[in-house]
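Trainee: Pasting a structure here, questions to come.
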Amino acid sequence: MDTFDQYDFQKGEVVLVDKPLTWTSFDVVNKLRYPLSRRFGIKRFKVGHAGTLDPLATGLLVICTGKMTKQIEGFLGDEKEYTGIIQLGSTTPSFDLETEIDATFETGHITQDLVDQIKPQFEGEQDQTPPIFSAKRVNGKRAYLSAREGKKIEMKSNRITITDIELKLENDQIHFVVSCSKGTYIRSLANDIGKALKSGAHLIELRRTRSGNFKIENAKSVEEWMEIVSPNESS
């Protein structure tokens with residue numbers, strides 16, 4: 001087990017966390033900031049994350065402490081890798097499980113051959129429209145706030161790059177592995193794949209496995225990091 005003395009959190013560390021389901025990225029940051037602030041006697045110790053993960057996603061969250069927070073901007077642009085599951089035959093307004101199913105579709109025509117045929121549409125550089133249930137700002141307001149108020153929002157497309165994508169059909173679900181650029185919304189990808197298959201789809205599971213050179217297998221759970229940074233632990 002690692003100990004507090006093995007790290008120089010004040011000078012700066014990159015902390016790799018396996019984010020739990022339902023936690024926000026800021027939940028993780030705040031969980032670590034409190035004991036570090038107490039350790040160093042600083043009211044608000046510098047802790048920040050390099051790339052948000054939705055509450056319904058798990059996996060790699062890259063967190064920087066101390067002077068390493070100045071490097072966050074550089075990490076934000078790193079390529080990301082995700083794994084997950086897309087449910088075919090139904091859609092939701094948020095493109096994932098945050099909202100209820102709003103429409104259902106036929107799936108009997110979908111085969112692995114058809115999935116393989118549409119896959120090239122999602123390879124390389126392309127335009128992608130973010131979900132209305134996202135943190136993108138539209139007219140100075142977070143899109144998801146307007147969406148929850150039932151307001152109609154026009155989302156502008158982003159230029160993204162998908163460098164690698166694997167799609168495997170299993171019982172009306174697609175299991176995927178995607179390597180993509182900053183700004184890619186996997187929820188939008190799920191929705192677009194459903195449309196390409198002449199059906200509907202939404203994301204039901206998402207896990208970030210890589211961010212740049214940082215990998216999930218090198219991450220620790222929140223509980224493991226708390227054992228290291230907690231002021232109640234001997235240092």
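The values are calculated or read from the model by the stated rules, or taken from the named source; none is laboratory data. This structure is a prediction, so every number in the text was calculated from the model and none was measured. All Cβ positions, even for glycine, are placed from backbone atoms using ideal geometry, and neighbour counts span all protein chains on display.
Trainee: With within 15 Å of residue 190 (Cα to Cα), part of a helix (DSSP H, G or I) and β-branched (Val, Ile, Thr) as the only criterion, which of 72, 118, 132 stands out?
Mentor: 118
Trainee: Would you confirm, using the coordinates I've provided, whether residue 95 is touching a Lys or Arg at 6+ places or on another chain (Cβ under 6 Å), of a type outside the set (Gly, Ala, Ser) and outside any strand (DSSP E or B)? Don't jump to the end; show me each part of the working.
Mentor: Working: touching a Lys or Arg at 6+ places or on another chain (Cβ under 6 Å): yes; of a type outside the set (Gly, Ala, Ser): yes; outside any strand (DSSP E or B): yes.
For residue 95, the condition - touching a Lys or Arg at 6+ places or on another chain (Cβ under 6 Å), of a type outside the set (Gly, Ala, Ser) and outside any strand (DSSP E or B) - is met.
Trainee: Looking only at residues in the range 63-92 that are among the basic types (Lys, Arg) and in contact with a Lys or Arg (Cβ under 8 Å, 6 or more places away or on another chain), which one is modelled with the lowest pLDDT?
Mentor: Per the criteria, the residue is 67.
Trainee: Now for a different question. Of 107, 58, 52, which residue is touching a Gly at 6+ places or on another chain (Cβ under 6 Å) and not in a helix (DSSP H, G or I)?
Mentor: 107
Trainee: Same structure, new question: Considering (1) at pLDDT below 95; (2) of a type in the set (A, V, I, L, M); (3) in contact with a strand residue (DSSP E or B) (Cβ under 8 Å, 6 or more places away or on another chain), say which one residue 28 fails and leave the rest.
Mentor: All conditions are met except number (1).
Trainee: Where residues in the range 10-43 are in a loop (DSSP other than H, G, I, E, B) and over 21 Å from residue 217 (Cα atoms), which of them is farthest from the chain's Cα centre (by Cα)?
Mentor: 41
Trainee: Any residue at all in the range 110-117 that's within 22 Å of residue 81 (Cα to Cα) and either without any contact (Cβ under 8 Å) to a residue 24 or more places away in the chain or not small (Gly, Ala, Ser) (or both)?
Mentor: yes
Trainee: Now, a different point. Can you pull out the residues in the range 66-113 that are crowded, with 21+ Cβ neighbours inside 10 Å and either more than 20 Å from the chain's Cα centre (by Cα) or farther than 28 Å from residue 50 by Cβ (or both)?
Mentor: 68, 87, 88, 91, 92, 110
Trainee: Considering 86, 101, which residue is of a type in the set (A, V, I, L, M), closer than 17 Å to residue 176 by Cβ and touching a residue at least 24 places away in the same chain (Cβ under 8 Å)?
Mentor: After ruling out the rest, the residue left standing is 86.
Trainee: Looking at residue 99, is it assigned by TED's automatic domain parsing to the domain that holds residue 188 and touching a Pro at 6+ places or on another chain (Cβ under 7 Å)?
Mentor: yes
Trainee: A further question on this structure: Among the listed residues 158, 191, identify the single one that is surrounded by 14 or more Cβ atoms within 10 Å (Cβ to Cβ) and either aromatic (Phe, Trp, Tyr) or within 15 Å of residue 88 (Cβ to Cβ) (or both).
Mentor: 191
Trainee: What's the number of the condition residue 199 fails, among (1) touching a Gly at 6+ places or on another chain (Cβ under 7 Å); (2) surrounded by fewer than 18 Cβ atoms within 10 Å (Cβ to Cβ); (3) part of a loop (DSSP other than H, G, I, E, B)?
Mentor: (2)
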